[in-house]
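First comes the structure, then the notes that go with it.
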Amino acid sequence: MRRTIAPAAGATLLAVAAAAAVAVGLASCGGGSGGGGSALPLGLGAGGGAAAPAPAVAAPAAAPAPASGPLSLAAQVGQKMFFDKALSGSGQMSCASCHDPAHAYAPANDLAVQLGGPKLDQPGTRAVPSLRYKEFTPAYADLLDNPDGISAPGPGGGFTWDGRADTLADQARVPLLNAAEMANASPADVVRKLQAASYAPLITQAFGAHVFDNPDTAFASAVQALQAYQLEDTSFHPYTSKFDRYASNKLGGNLSPAEVRGLKVFTDPATGNCASCHYQGAGLNGSSALFTDFSYEAIGVPRNAAIAANADPTYYDMGVCGPLRTDHQPASPGAANSFCGMFKAPTLRNVATRSAFFHNGVMHTLEQVIRFYNTRDTNPELWYPIVGGQPKAKNDPAFPTYGLITTQYTGGTVRKFDDLPSAYLPNIDPQMPMDGRKPGAKPPMSEQDIHDLICFLHTLDDADTTAAQPLKPEDCAQ
Ligand code: HEC
Ligand code: HEC
């Protein structure tokens, strides 16, 4: 669900609407405690991948993916480019270096940010997302209709963590030219490398004999090729998870009791409420179960000291309001702006394969992320720095070890939301499971809920992937 850009009054209405939306999903779940494959949540029946083939070249980002079939010439060019390390300033980095096909097109390592640039020593500022299931992403809009059909329109759509690229083609320009990524000097620099590539004849075959006459049109064709590859190749949207088999009532799609309970936690507005943003129902453009509604929210992810840019205390990555994105910036530093702190609610498909979570990669296990959702408000001292307190010589035995802060303090104040200037704290989304409850209050999810939710989230991993923290079958059987 999206938070409105209007102030308080609307927020209550929205919260009610979201609760209603999720309740609808749950009701059709058969109570959520059945034996599995036969009780389908609303809108999950249709397989999202089985749609008409995408047009060969200028396919819009939102075009449905083809079920199968040979790649168009443009997509074949895109495939060559995707794995071509020569298309970088270092000569050693391709798209696949950060978006590894063996890891659902996300990094193979657990670094918060990757190193790139001419000497592969320049750190990025954001975690690398998976490239899977982006084929239905619409262009960014301040007031995008919510796929749940009930929540009010709000910021949604677009590529990257802040939505600044409208299409996969626009997006591809960024890493090719970014000084900390593939670090080409200019579009013309990329085009020169393409002309020298072994697959240059394929490029002229796909885009015409005169494609190289003008560097700008050649570059435009090249990024179209990368888009066509990501839209057409089914490895970007295989729909082979256990959840997909469950949703389409196929063999092997029986969720275990723990997984079914986890699905209920995921959708239940009173506990996890994950589905209100990581929406699993019928989505835009004929999609279904993408586990995102493409919306942006500020959830107050802690600052990550491991990101070099954060050594500057005046630097804040505030998502939609900048600095990487430049069309929603505050008029002056600290000036009112409802977009500051908002990042995209990403798809949770293949999330259990990841080793760096959130836009800044500050967390490294799924369990830690879920515990953050559960205790951000009830135990902020586990997630944000303490100012003015005394570190205890020895933690109390009951002090949890799963937080980002592992030292217990006496006294002092927690600097909650330490990665957002205080002017923008009102932008923090107030809905469950982070509803602003008091420190020391009971968290919304029980230990059993957390266990079950982890079991459920693992069912979203595609068949060709390996979980970052693999579960034993008996972990989730009951
Ligand atoms: C050095 C690592 C690196 C390389 C190389 C790289 N990317 Fe990325 N990619 C990223 C990061 C980091 C982001 C998130 C950027 C942001 O939010 O500003 C990203 C985001 C994306 C997205 C948006 C996904 C989403 O969820 O919206 C797409 C699409 C993408 N990259 C495609 C590519 C393509 C195509 C190439 C090769 C031309 C490429 N990337 C090369 C690091 C990389
Ligand atoms: C209010 C909307 C909202 C709710 C509710 C919500 N999320 Fe999120 N989720 C987000 C946003 C926004 C991000 C990205 C935040 C960032 O990076 O700053 C995110 C990121 C994540 C990530 C990191 C994914 C990645 O690729 O790095 C995981 C995992 C996740 N959420 C799981 C959950 C689970 C599980 C629940 C329920 C317990 C949940 N979320 C509830 C909005 C929400």
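No lab work stands behind these numbers, since they all come straight from the coordinates. Just so we're clear, the structure is a prediction, and the values are computed from it rather than from any experiment. Don't worry about glycine lacking a Cβ; one is built from the backbone with ideal geometry, like all the others, and counts go over all protein chains shown.
Each Cα pair under 8 Å and six or more residues apart adds its sequence gap; the mean of these over the residue count of the range 352-478 is a relative contact order of 32 percent. For the range 317-447, the Cβ-based charge dipole about the Cα centre amounts to some 160 debye (Lys, Arg positive; Asp, Glu negative; other atoms uncharged). Taking R0 as 45 Å, what's the FRET efficiency between THR378 and GLN92 from their Cβ-Cβ distance, rounded to 0.05? The pair THR378/GLN92 has a calculated efficiency of 0.45. Here the residues GLU381, GLU474, GLU367, ranked from fewest to most Cβ neighbours within 10 Å of their Cβ, fall in the order GLU474, GLU367, GLU381.
Label separation (LYS392 vs THR217): 7.1 nm, computed from points 7 Å beyond Cα along the C-beta direction. With each label modelled as a point 7 angstrom along the Cα→C-beta vector, the ALA185-LYS438 pair spans 6.4 nm.
Per-residue packing, averaged as other Cβ atoms within 10 Å, sorts the ranges 443-450, 154-161, 308-315 into the order 154-161, 443-450, 308-315, beginning with the highest. Just want to confirm a number: the relative contact order over the range 153-270, from Cα pairs under 8 angstrom separated by 6+ residues, in percent. 16 percent.
Here is what passes the span test in the chain: the DSSP H helices with alpha carbon length of 27 Å or more along the helix axis and a Kyte-Doolittle mean of 1.0 or above are 8-27.
Exceedance of the 29 Å cut-off in Cα-Cα distance is limited, within the set LYS119/LYS344; LYS392/LYS442; LYS416/LYS472; LYS119/LYS416; LYS85/LYS250; LYS344/LYS472, to LYS119/LYS344; LYS416/LYS472; LYS119/LYS416; LYS85/LYS250; LYS344/LYS472. Computed extension gain for ALA467 through VAL174, at 0.36 nm per residue and net of the alpha carbon distance, reaches 102.6 nm.
Rounded to the nearest 0.05, the FRET efficiency derived from the C-beta distance between THR326 and TYR402 at R0 = 41 Å is 0.65.
Per residue of the chain, the DSSP helices (runs of n ≥ 4 H) give a summed -39500 (n - 2.57) that works out to -7500 deg cm²/dmol at 222 nm.
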